Amino acid sequence: MTRTASTVIKSAIVATTVALSAIVAPAYAGGYISFDVQPRNAEEAAAMRAGLGIYAIANGIKNGSIKQKGFGNVAGLLQNGSGNLGIVHQQGNGHNGTLVQNGNSNSYGLFQFGKNSDGHVVQNGNGGTGATFQWGW
């Protein structure tokens with residue numbers, strides 16, 4: 001192995017160790033992890049919109065809903081426009097979440113689980129879709 005290859009491997013090991021420690025460290029201190037899902041094309045947007053629509057039908061939602069199961073949760077939903085579907089779902093304790101939709105025919109879901117997650121989404125324009133999933137500890 002050349003000196004350059006050895007240096008690259010050592011650098012990769014150090015970078016991986018640092019990255020893993022950053023992921024593991026918050027688990028001891030408390031915190032949350034968040035994933036934003038945005039479609040990359042029309043087919044993915046249609047699939048996401050269908051998934052949110054199925055969730056809405058199953059939960060009796062027409063345009064928007066805040067569903068909270070737990071204690072000390074705070075949520076808000078503001079819709080400016082028509083044909084929007086907004087979902088804020090909080091399950092657990094101490095969540096803080098808001099969703100603002102400006103425009104028409106948008107759909108978005110903010111889903112928070114565990115405890116003490118914090119999520120705020122603003123959706124501007126027409127025909128957008130997406131979702132945010134958060135887990136707190």
Next on the checklist: Please list, short to long, the whole-number percent of alpha-carbon pairs of the stretch 54-137 in consecutive 10 angstrom bins beginning at zero.
Outcome noted: 20, 52, 25, 3
Item to check | the stretch 30-137, relative contact order in percent, only Cα pairs under 8 angstrom and at least six apart counted | outcome: 30
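Quick note: the coordinates plus some simple rules give every number you see, no bench work behind them. The shown structure was predicted, so the numbers you read here are calculated from the model rather than taken from an experiment.
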